[in-house]
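To keep things clear, I will list the structure first and then write my remarks on it.
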Amino acid sequence: MIRNHCVIELDVQIGNWPRIENFVEIQKGTVIGDHCFIRSFVRIGEDCVVGDYSTIKCHSILATGTVLEKHVFIGPHTVFVSDANGHGGATVSHYAWIGAHVVIEPGVVIPPRCIIGAHSLVRSGQIYKPWAVYFGIPAREVRKGCKADFDKLGTSIREGEKE
Ligand SMILES: CC(C)(COP(=O)(O)OP(=O)(O)OC[C@H]1O[C@@H](n2cnc3c(N)ncnc32)[C@H](O)[C@@H]1OP(=O)(O)O)[C@@H](O)C(=O)NCCC(=O)NCCS
């Protein structure tokens with residue numbers, strides 16, 4: 001389902017069973033996987049990838065070249081910023097969870113099952129660990145993540161997946 005007043009450029013690819021709400025802009029070269037949920041007023045720049053089962057909450061912005069792997073959650077008002085040349089190119093790995101109002105700098109790689117707390121600034125040039133919780137400005141590791149975190153955040157852990 002694609003709701004009203006969206007601007008989706010001609011060579012954008014959208015997979016099966018999309019749920020795209022009102023006033024969404026998706027720029028050229030972007031690929032959206034299956035079962036993605038994109039809420040209102042999201043803007044996705046050129047040549048981005050949004051993996052299957054990912055969710056992007058309202059008013060978030062993805063700079064050019066941003067890659068979201070599968071089952072990623074992006075909270076509302078999160079911004080992937082671009083550099084002076086207009087390139088973003090951050091990657092969020094599968095099952096990572098990003099809270100509301102987070103700013104992510106260009107080139108950052110957020111590993112699988114990483115949790116970034118609300119209102120954080122995720123700096124480039126830092127190594128982020130999988131299965132860890134970060135928050136703050138700049139975002140710092142506060143503790144290891146665990147199944148209980150994902151239960152609380154409403155996403156499940158797959159059978160056999162390590163904590
Ligand atoms: C990252 C997060 C999930 C961790 O939650 P949590 O497990 O309850 O946090 P902790 O218990 O480890 O918190 C430890 C301390 O850090 C503080 N803290 C938690 N999240 C923080 C954040 N994002 N920024 C700054 N401080 C934070 C807590 O207030 C607590 O402080 P205290 O010890 O002085 O009381 C949560 O803080 C968060 O940011 N959630 C985002 C919610 C959101 O954006 N949802 C969008 C859904 S649409």
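FYI, it's all coordinate maths here, none of it is from the lab. Just so it is clear, the structure is predicted and the values come from calculations on it, not from any experiment. Please note: Cβ atoms are built from the backbone with ideal geometry, for glycine as well, and neighbour counts cover all protein chains shown.
Some notes on this structure:
- Residue list for region 135-157, restricted to those being more than 8 Å from the ligand (Cβ to nearest atom) and free of Cβ contacts under 8 Å to residues at least 12 places away in the same chain: Arg140, Ala148, Asp151, Gly154, Ser156, Ile157
- Restricting attention to region 7-53, the residues being in contact with a Pro (Cβ under 9 Å, 6 or more places away or on another chain), within 19 Å of Gly88 (Cβ to Cβ) and part of a strand (DSSP E or B) number 2.
- Residue list for region 130-146, filter: hydrophobic (A, V, I, L, M, F, W, C) and either surrounded by fewer than 16 Cβ atoms within 10 Å (Cβ to Cβ) or in contact with a helix residue (DSSP H, G or I) (Cβ under 9 Å, 6 or more places away or on another chain) (or both): Val133, Ile137, Val142, Cys146
This table checks each residue for (1) at negative phi; (2) more than 10 Å from the ligand (Cβ to nearest atom); (3) of a type in the set (Ser, Thr, Tyr); (4) in contact with a helix residue (DSSP H, G or I) (Cβ under 8 Å, 6 or more places away or on another chain).
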residue: Gly86; (1), (2), (3), (4): no, yes, no, no
residue: Val103; (1), (2), (3), (4): yes, yes, no, no
residue: Cys114; (1), (2), (3), (4): yes, yes, no, no
residue: Tyr128; (1), (2), (3), (4): yes, yes, yes, no
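- Lys152 vs. criteria over 15 Å from the mean Cα position of the chain (by Cα) and not in a loop (DSSP other than H, G, I, E, B): yes
- Note on region 73-84: residues that are outside any strand (DSSP E or B), in contact with a Ser or Thr (Cβ under 8 Å, 6 or more places away or on another chain) and away from the ligand (no atom under 14 Å from the Cβ) amount to 1.
- Residue in region 29-68 that is nearest to Gly154 (Cα to Cα), counting only those that are more than 16 Å from the ligand (Cβ to nearest atom) and small (Gly, Ala, Ser): Gly51
- Restricting the first member to region 1-30 and to residues that are over 17 Å from Ala63 (Cβ atoms), and the second to residues that are basic (Lys, Arg), the beta-carbon pairs closer than 7 Å and six or more apart or on different chains are Met1/Arg19; Asp11/Lys28; Ile20/Arg3; Glu21/Arg3; Glu21/Arg39; Asn22/Arg3.
- Against the numbered list (1) more than 14 Å from the chain's Cα centre (by Cα); (2) of a type outside the set (S, T, N, Q); (3) assigned to a loop (DSSP other than H, G, I, E, B); (4) under 21 Å from Gly33 (Cβ atoms), Arg113 comes up short only at (1).
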